[in-house]
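Have a look at the structure below before the remarks.
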Amino acid sequence: MSTPCIYCESDVERHDPVYVREGGADDEKPFCNYACLAAYIDDEELTFGTSCEWSPE
(Lines give C-alpha, C1' and ligand atoms only; values in the text may rest on other atoms or scores of the structure.)
Protein backbone atom coordinates (compact mmCIF):
# COMPACT_ATOMS: atom_id res chain seq x y z
CA MET A 1 0.00 0.00 0.00
CA SER A 2 1.50 3.33 -1.05
CA THR A 3 1.32 6.47 1.05
CA PRO A 4 0.88 9.69 -0.94
CA CYS A 5 2.79 12.87 -0.15
CA ILE A 6 0.53 15.59 1.27
CA TYR A 7 2.09 18.14 -1.10
CA CYS A 8 2.80 16.43 -4.44
CA GLU A 9 0.85 13.16 -4.03
CA SER A 10 3.91 11.08 -4.99
CA ASP A 11 4.48 7.76 -3.20
CA VAL A 12 6.59 8.74 -0.16
CA GLU A 13 8.17 5.30 0.13
CA ARG A 14 9.97 5.85 -3.18
CA HIS A 15 11.83 8.84 -1.72
CA ASP A 16 13.42 9.92 1.58
CA PRO A 17 10.18 10.54 3.51
CA VAL A 18 9.58 13.08 6.25
CA TYR A 19 6.65 12.68 8.65
CA VAL A 20 5.22 15.66 10.52
CA ARG A 21 2.93 15.29 13.50
CA GLU A 22 0.65 18.17 14.46
CA GLY A 23 -1.34 17.64 17.60
CA GLY A 24 -2.09 14.01 18.43
CA ALA A 25 -0.50 10.78 17.27
CA ASP A 26 -3.25 10.25 14.69
CA ASP A 27 -2.43 13.50 12.88
CA GLU A 28 0.74 12.49 11.00
CA LYS A 29 1.34 14.09 7.58
CA PRO A 30 3.70 12.35 5.13
CA PHE A 31 5.97 14.28 2.76
CA CYS A 32 8.27 12.59 0.25
CA ASN A 33 11.22 14.85 1.19
CA TYR A 34 12.17 18.14 2.85
CA ALA A 35 11.59 20.08 -0.39
CA CYS A 36 7.89 19.15 -0.41
CA LEU A 37 7.65 20.00 3.29
CA ALA A 38 9.26 23.42 2.71
CA ALA A 39 6.98 24.13 -0.27
CA TYR A 40 3.92 23.10 1.77
CA ILE A 41 4.94 25.46 4.60
CA ASP A 42 5.32 28.35 2.12
CA ASP A 43 2.09 27.61 0.22
CA GLU A 44 0.04 27.31 3.41
CA GLU A 45 1.71 30.46 4.85
CA LEU A 46 2.41 28.59 8.09
CA THR A 47 5.21 30.95 9.15
CA PHE A 48 3.46 34.23 8.33
CA GLY A 49 3.07 36.51 11.34
CA THR A 50 5.27 34.44 13.63
CA SER A 51 8.05 35.69 15.88
CA CYS A 52 10.57 35.18 13.08
CA GLU A 53 10.06 38.83 12.15
CA TRP A 54 12.38 41.23 13.94
CA SER A 55 12.74 44.98 14.00
CA PRO A 56 15.55 46.88 15.74
CA GLU A 57 13.07 49.50 16.96
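The values are calculated or read from the model by the stated rules, or taken from the named source; none is laboratory data. Values in this document were obtained by computation on a predicted structure and should not be read as measured data. No Cβ is skipped: glycine too gets one built from the backbone with ideal geometry, and neighbour counts run over all protein chains shown. The accessibility values were calculated without ligands, DNA or RNA, using every heavy atom of the protein model including side chains. Shrake-Rupley method; radii C 1.70, N 1.55, O 1.52, S 1.80 Å.
Taking the condition of being modelled with pLDDT of 90 or more and in a loop (DSSP other than H, G, I, E, B), how many residues in the range 17-41 meet it? Total meeting the criteria: 3.
Restricting the first member to the range 5-20 and to residues that are free of Cβ contacts under 8 Å to residues at least 24 places away in the same chain and closer than 7 Å to PHE31 by Cα, and the second to residues that are open to solvent by 80 Å² or more (accessible area, probe 1.4 Å) and not in a strand (DSSP E or B), the beta-carbon pairs closer than 7 Å and six or more apart or on different chains are VAL18/TYR34. Could you tell me whether any residue of the range 43-57 is assigned to a helix (DSSP H, G or I), at pLDDT 80 or above and surrounded by 13 or more Cβ atoms within 10 Å (Cβ to Cβ)? The answer is no; no qualifying residue exists. Of all residues in the range 9-40, those satisfying the criterion of being within 11 Å of the chain's Cα centre (by Cα) and either surrounded by 15 or more Cβ atoms within 10 Å (Cβ to Cβ) or on the phi > 0 side of the Ramachandran plot (or both) are PRO17, VAL18, PRO30, PHE31, CYS32, ASN33, CYS36, LEU37, TYR40.
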